1. Within the bounds of the range 108-131, is there any residue that is under 22 Å from GLY35 (Cα atoms) and exposed (fewer than 14 other Cβ atoms within 10 Å of the Cβ)?
2. Please identify the pairs in which a residue from the range 152-179 that is closer than 22 Å to LYS56 by Cα has its Cβ atom under 7 Å from the Cβ atom of a residue that is modelled with pLDDT of 95 or more and surrounded by fewer than 16 Cβ atoms within 10 Å (Cβ to Cβ), counting only partners at least 6 apart or on another chain.
3. Which residues, counting only those in the range 144-172, are open to solvent by 80 Å² or more (accessible area, probe 1.4 Å) and either under 13 Å from ALA125 (Cα atoms) or touching a helix residue (DSSP H, G or I) at 6+ places or on another chain (Cβ under 6 Å) (or both)?
4. Taking the range 132-143 as the region of interest, how many residues are surrounded by fewer than 18 Cβ atoms within 10 Å (Cβ to Cβ), in contact (Cβ under 8 Å) with a residue 12 or more places away in the chain and in a loop (DSSP other than H, G, I, E, B)?
5. Name the one entry in GLY35, GLY10 that is on the phi > 0 side of the Ramachandran plot and either modelled with pLDDT of 75 or more or open to solvent by less than 30 Å² (accessible area, probe 1.4 Å) (or both).
Amino acid sequence: GIYKNVKIAGYTPIERIWSVYKNSDIGSELIQPTGIQPIDTISSKYSAISVDKIKKGRLFLIPPYCNSKLLNLEEKCKNKGINVHCDSFNGRNDMELCDGVILLPYAWSIFALYEALSVGTAYIAPTERFMKELMNIPGYFFTNPSFLLEDMKTCEIWNDYMRDVIIYFDNWEELFRILTEYDFTQKRKEIKNWSLKHINSTILKWKKFIE
């Protein structure tokens, strides 16, 4: 680089791919977020989710973004009797109250994913095959979709590193079956163990990077 005291680390593979595409290679260093926060910056315990929904038992968060609205995901779930919250939410605090977060991917990296994993909450996302099917629907949004279709593992949702902590569905019926039958209590334990290892590994990466 121009400045000897400046280092660059990406946190998704697409950042390097894009930089090479723009003829400014940032290098291969990759350090992902942990999703945790310093104690003095943690938001209040205020919840944007109604007490009634929390008391119903299994509860799933649907981030209220473009693809969820396009495909009427909230309505699909409610028609199956599935308890969902599809509205604004208070970060990690509300994600911890939910058994899972249902994602229809729209971006290469989602910081909220790491926040959810840090409290043991599973992300539930389409398989690569089903994602390609969804992307053929008029109006479905994903940033720079041509890059995604070339290699879906460059997106953190389908990256090998995340395979064990994301639950995948290959069609709508499989999604509804997961939401009603899956053992999310056991999955939360597995995710918390994974997250602890991820946090410790990330700290070591930063220490080595700034030496």
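The values are calculated or read from the model by the stated rules, or taken from the named source; none is laboratory data. Just so you know, these numbers come straight off a predicted model, no measurement behind them. Reconstructed Cβ throughout: ideal geometry from the backbone, glycine too, with neighbour counts over all protein chains shown. Each accessible area value is taken on the protein alone, full model and side chains, heavy atoms only, with ligands, DNA and RNA left out. Shrake-Rupley method; radii C 1.70, N 1.55, O 1.52, S 1.80 Å.
1. yes
2. These pairs meet every condition: PHE176/LYS80.
3. ASP164
4. Initially, the range 132-143 is screened for residues surrounded by fewer than 18 Cβ atoms within 10 Å (Cβ to Cβ), giving 132-139, 141, 143.
Checking which are in contact (Cβ under 8 Å) with a residue 12 or more places away in the chain leaves us with 132, 134-135, 137, 139, 141, 143.
Add one more test, that the residue is in a loop (DSSP other than H, G, I, E, B), and what stays is 137, 139, 141, 143.
The qualifying residues number 4.
5. Details: GLY10 fails: on the phi > 0 side of the Ramachandran plot.
Criteria check complete, one pass: GLY35.
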